[in-house]
Amino acid sequence: MNGFEQGRVAARHDWAPGLITLTVDAGIEPFNAGQFVNLGLEIDGQFVRRSYSIASVPGAPLEFYLKEVPGGALTPHLTRLTPGSTVWVERKPQGFFTLAYVPPCRELWLIATGTGLGPFLAMLRGTEIWQRFERVSVVHGARLAAHLSYAEELAALGAKHLGRLSYTQLVSGGSHGNALPGRVTTAFADGSLEARAGLPLDPNRSHLLLCGNPDMILELTAVLATRGLRKHRVKTPGHITSEKYW
């Protein structure tokens, strides 16, 4: 396939039914944390590809955090791959959802729903984020507590960067355990999220990266606008950068 490398699944981790992490051996061009590549499979005589963020730090084996979309063209097949299976990986990474486009600030919020956590894992596993920001707040919202993947790793990072990293979970359905109940948008609107994170939003100090469900991004952007935070653009610097995950 032109522009693609044939990779091999080195490992898989099942977090919950239809929610997995694939580790893939494939030679691709250097990438920045937050970028994505297309993965592809030949299905019924056709080459089907979709874009997925890389969850691993540059230089480590490629990692992809995937959720099966029922009836989807590709994810039902990807989530059935086992170690040793082959998968096509685009050689040239793409995307601008990286720390390079975050303006100078003291506090960085990484707000994800579902597998939108993927690009943030790549950032958190690297060094740049700890060199640039005084405080980092990771927020992961999921429908069920079983879908809060990477919780142990994120808690360990919080212990490693004590006082600099907060990790807040939200669960919108079912038993929530120690997580905040409800959705990211309502938890920001009522102040419970900032209270749990121990970090108040401040337009003079904060920048937010949002990654996940498009409805969450739209609703949260509107909530944040009432707090004086606006979308970030190169010509009109702001406080919010986003990447939609369907």
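Rounded to the nearest 0.05, what FRET efficiency do residue 164 and residue 44 have when you use their Cβ-Cβ distance and R0 = 45 Å?
0.35
Given H placed 1.01 Å from N in the peptide plane, which residues other than close sequence neighbours of residue 69 have an amide H under 5 Å from its amide H?
For residue 69, the qualifying residues are 75.
For the chain, find the longest principal axis of its Cα atoms and tell me its angle to the long axis of helix 151-160, 0 to 90°, nearest 10.
Helix 151-160 sits roughly 50 degrees off the main axis of the chain.
Let's see if you can work this out: charge +1 on each Lys and Arg Cβ, -1 on each Asp and Glu Cβ, no other charges. What is the dipole magnitude of the chain about its Cα centre, in debye to the nearest 20?
560
In debye to the nearest 20, how big a dipole does segment 99-244 give about its Cα centre with +1 on each Lys and Arg Cβ and -1 on each Asp and Glu Cβ?
That gives segment 99-244 a dipole magnitude of about 360 debye.
Quick one: if you stick a label point 7 Å off each Cα along the C-beta vector at residue 226 and residue 151, how many nm between them?
Taking the two extended label points, one gets 3.0 nm.
When the gyration tensor of the chain is built from Cα positions, what are the square roots of 5 times its three eigenvalues, in whole Å, from largest to smallest?
For the chain, the ellipsoid semi-axes come out as 30, 20, 17 Å.
Please give me, ordered by residue number, the chymotrypsin sites (Phe, Trp or Tyr not before Pro) of segment 50-101 that lie in loop per DSSP and have at most 16 other Cβ atoms within 10 Å.
Sparse-neighbourhood loop chymotrypsin sites (Phe, Trp or Tyr not before Pro): 96.
With θ set to phi - 60°, apply the Karplus curve 6.51 cos²θ - 1.76 cosθ + 1.60 along segment 185-201 and write out the HN-Hα couplings as whole Hz, x wherever there is a Gly or Pro.
For segment 185-201, the Karplus curve yields 5, 5, 5, 6, 5, 9, x, 5, 5, 5, 5, 5, 6, x, 8, x, 5 Hz.
In whole angstrom, note down how far apart the Cα centers of segment 152-172 and segment 210-246 are.
Taking the Cα centre of each part, segment 152-172 and segment 210-246 sit 22 Å apart.
Quick one: plug the Kirkwood hydrodynamic radius of segment 99-244 (C-alpha pairs) into Stokes-Einstein at 25 °C, 0.890 mPa s, and report D in µm²/s.
162
What are the ³J(HN,Hα) couplings of segment 33-41, residue after residue, when phi is run through the Karplus curve with 6.51, -1.76, 1.60 and θ = phi - 60°? Round to Hz, x for glycine and proline.
Those phi angles translate into 3, x, 7, 10, 9, 8, 9, x, 9 Hz.
Against the longest principal axis of the chain, how steep is helix 214-225, in degrees 0 to 90 to the nearest 10, with axes from Cα atoms?
Result, in degrees: 20.
Could you go through segment 207-212 in sequence order and give the Karplus-derived ³J(HN,Hα) for each residue, using 6.51 cos²θ - 1.76 cosθ + 1.60 with θ = phi - 60°, rounded to whole Hz, and x for Gly and Pro?
10, 10, 9, 10, 9, x
Which Cα, out of 53, 32, 87, lies furthest along the positive dipole direction of the chain (beta carbon charges, K/R +1, D/E -1)?
Comparing the listed Cα positions along the dipole, 32 ranks first.
Which cross-chain or sequence-distant (5 or more) residues have an amide H under 5 Å from the amide H of residue 243, H modelled 1.01 Å from N in plane?
Distant-sequence amide H within range of residue 243: 210, 211, 212.
How do the peptides 67-79, 203-215 rank, highest first, by the average count of neighbouring beta carbon atoms within 10 Å per residue?
203-215, 67-79
Please give me the summed charge of the neighbours of residue 189: other residues whose Cβ is under 12 Å from its Cβ, Lys and Arg +1, Asp and Glu -1.
In short, -1.
Let me check I've understood the local charge: for residue 133, count other residues with C-beta under 11 angstrom from its C-beta, Lys and Arg +1, Asp and Glu -1. What total comes out?
+2
Quick note: the coordinates plus some simple rules give every number you see, no bench work behind them. Here the structure is a predicted model, which is why all the values come from computation and not from measurement. All Cβ positions, glycine included, derive from the backbone under ideal geometry; neighbour counts span all protein chains shown.
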